[in-house]
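A quick write-up on the structure given underneath.
Please treat every number below as a calculation from the coordinates, not as lab data. What you see is a predicted model, and the numbers here were worked out from it, not measured in a lab. All Cβ positions, even for glycine, are placed from backbone atoms using ideal geometry, and neighbour counts span all protein chains on display.
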Amino acid sequence: MTLHPADQPSGASAETGAPSSRSPALTVEGLGKRVRLPTTELTILEGIGFEIATGDSVAIIGASGSGKSTLLALMAGLDTPSDGRVLLDGAPLSTLDEDGRAKVRGEKVGFVFQSFQLLPSLTALENVMLPLELRGDADVDGPAREILRKVGLGERLDHYPRQLSGGEQQRVALARAFVTRPALLFADEPTGNLDTRTGQAIIELLFGLNADAGTTLVLVTHDEHLASRCHRVLRLDSGRLVSA
């Protein structure tokens, strides 16, 4: 499964090139993040603003320390900003308490992390079933088995993470992220712990699953090649957005 970037500019109609009527999946307005240190205040992000249309794939790139992971955490409601706000599918995350943000994430968001973040005491099947169980779905076994089959692990359902290779663990993580059919998927350096060949296979799988599901994808990476697979690239430098 391979998805190639659209030939037309992001947010434009394929037929006319006119602006799309798609509503934003994510809106970032004047976002800033500062951290108080013993003798000073550290600015991590300042004045960040952009919109991501529903169905777009967007890469956020920058050198280590540029603020990429902090921005992702703010966009996903895992952290709260010092300034500005984030609207996720129309919900203003900064006005919600932690329970409210967790509810939005559970209903609308999927995550793929560099370190896989699988629970070691659960099998591959149980790891993928977990977000469905937390959401209260009546059927958790069927969808989990189906998505694991789709990522090529239909014969590895009862294996624990320690019994799986790095590439297989990331496939489980992808299955877990997509099983809830999230409106928005955040991927943080999804190939960072994988060798080149395995990483390329995971990239193909990620974009293929994303195309099938029609999910809005926000990808944080330092990999220019991986970023080029997305419709848009946002570049951070020292906590500021320098290109969008």
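Per the Debye calculation on the chain with a single equal scatterer at every Cα and no solvent contribution, log₁₀ I(q)/I(0) for q = 0.07, 0.10, 0.15, 0.16 Å⁻¹ amounts to -0.23, -0.48, -1.08, -1.21. Between Asp141, Asp188, Asp212, the residue with the greatest mean-square fluctuation in the GNM of the chain (Cα pairs under 10 Å linked by springs) is Asp212. Considering region 110-244, its Cα convex hull presents a mean projected area of 8.6 nm². The modelled label-to-label distance for the pair Thr39/Asp97, using points 7 Å beyond Cα in the direction of Cβ, is 3.9 nm. Round to the nearest 10 and give me the degree value, 0 to 90, for the angle of helix 141-150's Cα axis relative to the longest principal axis of the chain. Taking the Cα atoms of the chain, the angle to 141-150 is about 80 degrees.
Note on region 159-231 and region 78-107: Cα centroid distance 24 Å, given to the nearest whole angstrom. Distances between placed amide hydrogens fall under 5 Å for Leu185 paired with Gly110, Thr216, Leu217, Val218, all partners being 5 or more residues away or on another chain.
Across Glu41, Glu51, Glu168, mean-square fluctuation computed from a Gaussian network of the chain (C-alpha pairs under 10 Å connected) peaks at Glu41.
Beta bridges per DSSP, both residues in the chain: antiparallel share near 50 percent.
Here the Gaussian network model covers the chain, with springs between Cα atoms less than 10 Å apart; of Val35, Val179, Val140, Val35 fluctuates the most. Over the chain, Cα pairs under 8 Å with separation of 6+ residues give a relative contact order of 30 percent.
Rounded to the nearest 20 debye, the dipole size of the chain about its Cα centre is 200 debye, using +1 on the Cβ of Lys and Arg and -1 on the Cβ of Asp and Glu. For region 129-244, the antiparallel share of DSSP beta bridges with both residues in that region comes to about 40%.
Applying 1/(1 + (r/R0)^6) with r as the Cβ-Cβ distance of Glu146 and Arg197 and R0 = 35 angstrom yields a FRET efficiency of 0.85. Full extension of the segment from Arg162 to Ser121, taken as 0.36 nm per residue of separation minus the current Cα-Cα distance, would add 13.8 nm.
A simple rule links phi to the HN-Hα coupling: the Karplus curve 6.51 cos²θ - 1.76 cosθ + 1.60 with θ = phi - 60°, which for region 58-69 gives 10, 9, 10, 10, x, 5, 4, x, 7, x, 4, 5 Hz, with x for Gly and Pro.
Per residue, the average separation of C-alpha pairs within less than 8 Å and at least 6 apart gives region 153-244 a relative contact order of 24 percent.
Between the amide H of Leu234 and those of Ala59, Ile60, Ile61, distances stay under 5 Å, these residues lying 5 or more places away or on another chain, with hydrogens modeled in the peptide plane.
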